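Values quoted throughout were computed directly from the atomic coordinates according to the rules given, and no laboratory measurement underlies them. Model, not experiment: these values are computed from the prediction. Glycine also receives a Cβ, built like all others from the backbone with ideal geometry; neighbour counts cover every protein chain displayed.
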Amino acid sequence: MNSSTPVNNTRTIAICIILFTAFLFLFNTGKRDLWAPDEPRYAQVSKEMRDSGNFIVPQLNSAPYPDKPPLLFWLINLFSIPFGKITALSARLPSAFAGIGCCLALYYLGKSLYRNTRIALLSALILATSSKFLWMAHRVAFDVPLTFFVTMAILCFYKGYTGQKGKGLRYTLFYLFMALGVLTKGPVGFILPFGTIVTYLILKRDIRVLKESRPWIGGILFAFLVFTWLYLASIYGGREYTYQILFKQNVGRFASSFAHKRPFYYYFINFPVNFLPWSIFIPSIVIYLFSKKRHGKMQGILLPLVWFAVVFIFFSIVSGKRDIYVLPLYPTAALLTAWFLNEFIEQFREKPFKKTGYYPCYTLCGISLVSGILLPVAVYKIIPQYTSLTIPFTAILLTGGIIMVRFIRYARIIPFIFTLIFVIFSVFTISTLKAIPALNQHKSAKEICDKANAIMKPGDKLAIYNFFGDPYLFYTNRNRIEVIRGLKDLKQFLDSSERVFLFIQKKDFKEVSKFPEIPLFVLEKDSVGHRDILFVSNKDV
């Protein structure tokens, strides 16, 4: 496959990518409940935005929520229109569609970079089946839409830079997608794509191209979109909200994070784990790139390398770190992996690939086979009641591993890769049918909230003691729940002549029960994630 592939064939492949990723990202997406910590929080902010009619200043528990800009909340509300309310499905649709769009954008970027349809297709499939990206496309999160806007910004600039027609429009779209990235997750929506492009042009010794991108037109569009919202937010949110969104949530997280503070080497360990199974090829890619014999075969490699370096270095410097922050790294990692695999396919008999090509493939075969054997044993040891659920996983992993061994043994690289993709696709799809519903029973707060809703009457007072749980706010269908922190305030709340209700952790209940003057009657209890939660009242039934 090469650049001579007809336009119609390119469109056919693009449609196949859309269909594949749509099934992968949308199948059973709404079947599980919203899981803490992030999903119910973002759904609740969207709900309060909808209920209040205030689409400028996001709110949580009826107070301004300055942690994130509003674009994701707008999208959730947009996708919720057909449902008439915020649901688990409508809250996840922005991530799912952004995931589909990201894979499609990567396919077109791969074609532009490498002039090779095989690399372009593999890039999209690798991204879609990398473990963290696949999982995040099924979650309510800012990071998949951000990754989509970053990818689109880089694609538009590169198409404008290398194309002959439509340069002005593509450069304008470059600034538009950066603005949407900023409205999604703040300055990183600008820093990542712009930093990538500027570094790329400097290395190309072609920085003057930035003048050709009409920054005065794109800059005006960028400023209009971003600063219009900031101006309105400063009016409706006030001085404190403006300070929080501009400084604490951005400069503060960069310089000295108040949350998720981790060492600089965090992503050296974390990223390879989350990019599995494709990260098995990372050492081979590094070795191949540094081989002196490869200098004449680096077409299309510079931009992905710069993109990878800019994102990785930036987030390694930032004080606050989470594995999801580097999701914009995944498209460029997929591009580099696809490029290497294409080199392997075309030169599989060459000496350098005796180790760099075949060893990772045999490692993946081994992982598949060992996982198929150990999975039922581990589940039986830890949670024996779910052992039967492992049967289809074991069958797929063992069968897939055996088939992959046979393919790689006879140097059939392409069938090996597509078998690996099929194994990932099958395992994840069955997980959404079997494993995730089982996990949902332990991670969801919906069940205990439904029981609480059945007991409480409209207008009854409800509070949470010693923790703030977004799922309880969302699933009790309220926009505010009082959070009580001290024993004195708890006693005052429960001393009410009215019947009042409370969510409390089991460990705190034991401490409070030592004080007989504080009335507590357990009505319901459940295990939610790592917490044992009790639903109590100051009066018995």
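Below is a table of values for the structure above.
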read-out	value
Rel. contact order, % - alpha carbon contacts under 8 angstrom, at least six apart, segment 445-537	30 percent
Alpha carbon centroid spacing (whole Å) that separates segment 132-153 from segment 35-68	19 Å
In segment 120-174, the trypsin sites (Lys or Arg not before Pro) that fall in loop regions by DSSP, at most 11 other Cβ within 10 Å	K165
Packing rank of 477-490, 115-128, 185-198, where each peptide gets the mean count of other beta carbons within 10 Å, highest leading	115-128, 185-198, 477-490
Cα-based equivalent ellipsoid of segment 353-442: semi-axis lengths in Å, sorted from largest, via gyration tensor	28, 13, 10
Those aspartates and glutamates that a straight Cα-Cα span of less than 20 Å connects to K321, excepting residues fewer than 8 apart in one chain	D38, E39, D67, D143
For q = 0.16, 0.20, 0.22, 0.28 Å⁻¹, Debye-computed log10 I/I(0) when each Cα of segment 450-509 counts as one equal scatterer	-0.49, -0.78, -0.94, -1.39
Helix runs (DSSP H) in the chain reaching 20 Å along axis by Cα, Kyte-Doolittle at least -0.5	7-26, 88-114, 143-162, 167-185, 188-204, 215-243, 302-317, 329-346, 358-382, 391-409, 413-433
20 Å Cα-Cα threshold exceeded, pairs from K132/K381; K488/K514; K461/K507; K185/K446; K31/K446	K132/K381; K461/K507; K185/K446
Euclidean distance between Cα centres, segment 329-380 to segment 179-250, Å	38 Å
Loop-resident sites, segment 32-105, for chymotrypsin sites (Phe, Trp or Tyr not before Pro), counting at most 12 other Cβ within 10 Å (DSSP)	none
Computed log₁₀ I(q)/I(0) - Debye formula, equal Cα scatterers, no solvent, the chain, q 0.11 Å⁻¹	-1.07
Computed [θ] at 222 nm, helices only, for the chain once each DSSP H run of length n ≥ 4 contributes -39500 (n - 2.57)	-20500 deg cm²/dmol
